[in-house]
1. Give me the lysines in straight-line cross-link reach of residue 221: C-alpha distance below 28 Å, same-chain residues under 8 apart excluded.
2. Could you list 147, 160, 236 in order of exposure, starting from the residue whose Cβ has the fewest other Cβ atoms within 10 Å?
3. Modelling each spin label as a point 7 Å along the Cα-to-Cβ direction, I'd like the residue 115/residue 219 distance in nm, to one decimal.
4. Tell me, what ³J(HN,Hα) does each residue in the range 142-157 have, in order and in whole Hz, if you take phi through Karplus 6.51 cos²θ - 1.76 cosθ + 1.60 with θ = phi - 60° and put x for Gly and Pro?
5. Ranking 232, 61 by Cβ neighbours within 10 Å, fewest first, what do you get?
6. Count neighbours as other Cβ atoms within 10 Å of each site's Cβ, and list the trypsin sites (Lys or Arg not before Pro) in the range 66-114 that are DSSP loop with at most 14 such neighbours.
7. Residue 143: which lysines have alpha carbons under 27 Å from its alpha carbon, excluding same-chain residues fewer than 8 sequence positions away?
8. Within a 10 angstrom radius of the beta carbon, how do 96, 60, 119 rank from fewest other beta carbons to most?
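Just so it is clear, none of the values below were taken in a lab; they were calculated from the coordinates. Here the structure is a predicted model, which is why all the values come from computation and not from measurement. Every residue, glycine as well, gets a Cβ built from its backbone with ideal geometry; the counts of neighbours run over all protein chains shown.
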Amino acid sequence: MKILSLPILSLLIMILGTLFTGCASKSGMKEYKATKYTSAARHRSTMRSYYVLGKRYHPTYVRVGQVKKGISSWYGPNFHGKKTSNGEVYNMHARTAAHKTWPMDTMVKVYNLQNGRSTIVRINDRGPFVRGRIIDCSYAAGKEIGLDGMGIAKVAIKVLGFAGKIESELTMARNKKLNIQTRVILSDFSIQVGAFRHLKGARIYKRRYAQIYTHYKPIIKHFRSVDGASLYRVWLMGFRSEEEAQDFKDNNNLADAFIVGN
């Protein structure tokens with residue numbers, strides 16, 4: 001599957017159990033920044049929504065223990081030595097994989113439902129852009145689960161950790177018992193709700209939006225124009241995706257506002 005390098009967004013970890021269950025859950029907080037594999041800039045670029053073959057994809061949060069089923073394929077010699085989406089050089093002999101929406105360096109167990117074999121991979125690329133396929137394994141990982149002979153197979157994929165690190169089975173079992181969820185969530189899209197020549201006006205707007213929208217954080221950004229004049233922009237921060245920001249803008253009478261990818 002062709003490897004794409006995409007524009008993006010920073011990742012933060014936060015926890016809201018009600019997004020997944022009807023009752024409240026405790027949170028396992030973990031900061032998700034640059035890793036030894038992927039720079040902060042690459043994380044930002046690979047988490048921005050993008051179009052491929054006429055379809056828009058929205059990279060999004062995941063949580064440890066999350067499972068998804070579908071078809072796995074593999075890619076190898078034709079891409080060996082080329083750049084992956086996170087900036088690495090693709091090594092078909094390493095255990096990596098491509099996923100359309102999960103964050104870079106998410107650790108994933110791939111279980112072949114047709115022969116019972118499994119492997120663990122690290123997401124470092126985007127793809128596969130074929131209907132029904134949920135993950136594209138490297139040659140080495142694909143060979144471990146029999147894809148070199150089968151081509152494609154029905155699989156279950158499970159999130160084991162983030163930033164290239166795996167949570168132990170003991171930790172996952174304890175967190176499940178305590179109803180704790182460790183998740184990666186996007187929070188680097190903003191909406192500019194105002195721009196002012198004077199700081200006083202920006203501060204008034206900031207206080208106003210802080211009182212109205214408690215789930216998002218208003219901040220003031222100071223810019224200088226070409227002629228050196230100050231401009232104070234008020235941004236509402238904390239949207240997990242461009243789609244969420246657009247929905248918020250459309251439903252809150254913010255026709256003159258615009259979305260900013262930080």
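1. Cross-link targets: 30, 33, 200, 206, 249.
2. If I rank by nearby Cβ atoms, fewest first, I get 160, 147, 236.
3. It works out to 4.9 nm between the two label points.
4. Here the 3J(HN,Hα) series is x, 5, 4, 10, x, 6, 5, x, 8, x, 9, 7, 6, 9, 10, 10 Hz.
5. Numbers: 232 20, 61 24.
Lowest count first: 232, 61.
6. Values: sites: 68, 69, 82, 83, 95, 100, 109; in loops: 82, 95, 100.
Here the trypsin sites (Lys or Arg not before Pro) that fit, given the DSSP loop and packing criteria, are 82.
7. Output for residue 143: 2, 36, 68, 69, 82, 83, 100, 109, 154, 158, 165.
8. Working: 96 25, 60 17, 119 22.
Listing 96, 60, 119 from fewest to most nearby Cβ atoms yields 60, 119, 96.
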